[in-house]
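See structure below.
The values are calculated or read from the model by the stated rules, or taken from the named source; none is laboratory data. No experiment lies behind these values; they were computed from the predicted model shown. Cβ sites come from the backbone with ideal geometry, for glycine too, and all protein chains shown count toward neighbours.
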Amino acid sequence: MNKKTYKPGEKAPASGQYEIIGSRGGKTDEERTVVKGEPLPPTKKPGQKYRITDRSKNKSGQGQ
C-alpha cells in the first residue's frame, strides 16, 4: 500500500478514494472521492492528511 500522504488543498495525483488520516497517523474511517488534478478537500480537524486507498479503474486513476 502507498504510504505517501497528501495535505488538504494539494492536487490529487490520481483519481480514486482517499482516506483521511488523523494528526497522529490513526485511521478516521472517513474517505473522499477525488478526481485527478483537483485539490483535496479541507479536513474536519487541523493536522489531518489524505492517503489514497483505492485508485479508479480508468486512465486517470493511474496517476503518479
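Would you mind stating whether GLY22 is more than 15 Å from SER56 (Cα to Cα) and touching a Pro at 6+ places or on another chain (Cβ under 7 Å)?
no
Being at pLDDT 90 or above and small (Gly, Ala, Ser) is the filter here; which residues of region 26-64 pass it?
GLY26, GLY37, GLY47
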